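Read through the structure below, which is laid out as structure tokens, and then see the notes.
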Amino acid sequence: MANKDNYKNYFYVTTPIYYVNDKPHIGHAYSTVIADSIARFKRLSGYKVFFLTGADEHGLKIEKEANARGITPKELADAVHIKFKDLFGMLSISYDRFIRTTDEDHIKTVQLAFFALMEKGDIYLSEYEGWYCTPCETFLTDKVLIDGNCPQCGRPASRVKEESYFLKLNKYEKRLEEYIESRPEFIKPPFRKNEVLSFIKEGLNDLSVSRTSFSWGIPVPGNDKHIIYVWFDALLNYLTAIGFEEFLEGRDNDFNLLFKTANHIVGKDILKFHAVYWPVMLFALDLPLPKTIFAHGWWLMDNKKMSKSLGNVIDPIYLINNYGADALRFYLLREITLGLDGDFNMDNFITRYNSELANDLGNLVSRTTAMLQKYTGGKLPGFGEAGSIDEHLSKAICNITSTLNERYDNYDFARILEETFKFINTVNKYINDSAPWKIDISSPEGKRNLYKILRSAVVSIYCISYLIYPFMPDTAARINKILNVEAFAFFKSSIVPENIFDSHGVLFKDGHKINESREILFPKIINT
Ligand code: MSP
């Protein structure tokens, strides 16, 4: 069994690093909550996890915004990256490092990598003439422009002609194609793999990786007229954070073991950078590629793209302040199958909250604890008094836990939540059908029967708290407090998560007391 010194394996998970030109919105919360949920599940399952998030602070887009505000780009980055940190704190994001591309170690990593590739001849000096989209920080060809606008964001592209360093993409095109073809786990969901392959098959032009027309960025080593392209800079954050520099110096660290297990969570709009440019950079650096790049879909608002100009951008802080962080996390992960686009609809948010969180889960916890208070003064009937636990419930939970690893590996979070909430209803129905309030407890069988129901309900709730923990960590912790158990101390006990229902004897020993709780987990929202 896994314990603190005997991890199953490493697991490295990353979010995109966020541009600091504006405050965070729901899309940023989304990428981060996905990464947090898988990080929490893997930790629970005995992996040594490193979870990275951070801020993308260089580039023309940031410089322009700082100029507009009359401050320096660094002042802008200092102010805005805090907003991301605050949001992630409110969302209980359990990151191990929040990297900033202005961090010293990152600047060193980027210059080391750039220099190494110049030495190798994979980066060379030439001239770039073409189009550039500043909001997307992307070079564009004539072919992809739509009426002079960027195909990604629809805004006008600018004409650029400047001396530039180029990264050889063409040299690695075939190798990349074969790599992607032969590894189903590399790009997820599977339909995205075909998209990337057809992009590669159109032919890869060498990528311009420096700019001379502005100054906010990392200078090219030995030629500081040139600023390193913000995507070349940003992607390398995934190496910096786990000690690339130390690794190059031959110091003993986890770099090698960790990087191979990397799962990059990205939005579909930035898949090309992660699945084409990034692997080429890694090939050129003679490094292994990450294990998986998972591209999630986009949140729309009432079926329209969210944008500042339309005034339909959802503010995650507003939702957290009004409904709680877990309610937001739940909605984001439950509403859409990861990978597809979804519509953020407030009525739908409230309906789900009221029916699934307040009615189904909230009521199950409050009615069970109330029954315990009423019948036993909060003392959980022991194994001896209650006999074995309801078999139907035990089977139902086993069905869920047996598929859990696979579902997480496929980022099938909506399905896990769906099954968990089905189970919550099964427990509610079990209580209704067995109607403890009708049982004649003057007979020994009646008493035993009642005790079995109480114990079965409590153990079920414990299992539910385990299942929801990665998605709703604070709710799981609150439930554990009510149940008076230490939070998921699997590694310290002999409990095997896959077989959690049957391990209840270890946690709930004879004489265990359930805390009296008048706490309402999810107060109903009155829709005005
Ligand atoms: N800085 C780059 C990433 C560099 S990673 C080496 C960047 N930053 S971003 O701030 O513009 O976007 C970060 C993430 O937010 C992307 O994964 C993007 O898909 C996601 N979202 C932005 N708007 C979104 C929605 N409306 N819905 C879901 N996610 C979207 O790109």
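The values are calculated or read from the model by the stated rules, or taken from the named source; none is laboratory data. Quick caveat: nothing in here was measured; it's all calculated off a predicted structure. FYI the Cβ positions are ideal-geometry reconstructions off the backbone, even for glycines, and counts take in every protein chain you see. The accessibility values were calculated without ligands, DNA or RNA, using every heavy atom of the protein model including side chains. Shrake-Rupley method; radii C 1.70, N 1.55, O 1.52, S 1.80 Å.
When V196 is tested against (1) hydrophobic (A, V, I, L, M, F, W, C); (2) in a loop (DSSP other than H, G, I, E, B); (3) within 16 Å of the ligand (Cβ to nearest atom), exactly one condition is not met: (2). Checking each residue in the stretch 272-326 for being within 22 Å of Y238 (Cβ to Cβ) and basic (K, R) picks out K272, K291. Working only within the stretch 286-303, note down all residues that are assigned to a strand (DSSP E or B) and more than 13 Å from the ligand (Cβ to nearest atom). The one that is assigned to a strand (DSSP E or B) and more than 13 Å from the ligand (Cβ to nearest atom): T292.
Yes/no matrix, rows are residues, columns are (1) open to solvent by less than 10 Å² (accessible area, probe 1.4 Å); (2) out of contact with any Leu (no Cβ under 7 Å at 6 or more places or on another chain):
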residue	(1), (2)
G384	no, yes
I389	no, yes
L393	yes, yes
T401	yes, yes
R415	no, yes
V427	yes, no
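Per the listing L91, L87, the residue uniquely touching a residue at least 12 places away in the same chain (Cβ under 8 Å) and either surrounded by fewer than 22 Cβ atoms within 10 Å (Cβ to Cβ) or in contact with a Leu (Cβ under 8 Å, 6 or more places away or on another chain) (or both) is L91.
I'd like to check which helices (runs of 4 or more DSSP H) are fully inside the stretch 1-112 and have at least 1 residues that are over 30 Å from S158 (Cβ atoms) and within 11 Å of the ligand (Cβ to nearest atom). Full working, then the answer.
On the way: elements: 26-44, 60-69, 73-90.
Counting at least 1 such residues, we get 26-44.
Please state which of the following conditions D269 fails to meet, knowing it meets all the rest: (1) within 16 Å of the ligand (Cβ to nearest atom); (2) touching a Lys or Arg at 6+ places or on another chain (Cβ under 6 Å). Answer for D269: the failing condition is (2). The single condition from (1) charged (D, E, K, R); (2) within 12 Å of the ligand (Cβ to nearest atom); (3) crowded, with 20+ Cβ neighbours inside 10 Å that D326 fails is (2). Given the structure, is I82 touching a residue at least 60 places away in the same chain (Cβ under 8 Å) and either buried (at least 22 other Cβ atoms within 10 Å of the Cβ) or of a type in the set (A, V, I, L, M, F, W, C) (or both)? Spelling it out, it is not the case that I82 is touching a residue at least 60 places away in the same chain (Cβ under 8 Å) and either buried (at least 22 other Cβ atoms within 10 Å of the Cβ) or of a type in the set (A, V, I, L, M, F, W, C) (or both).
The single condition among (1) out of contact with any helix residue (DSSP H, G or I) (no Cβ under 8 Å at 6 or more places or on another chain); (2) in contact (Cβ under 8 Å) with a residue 60 or more places away in the chain that K161 does not meet is (2).
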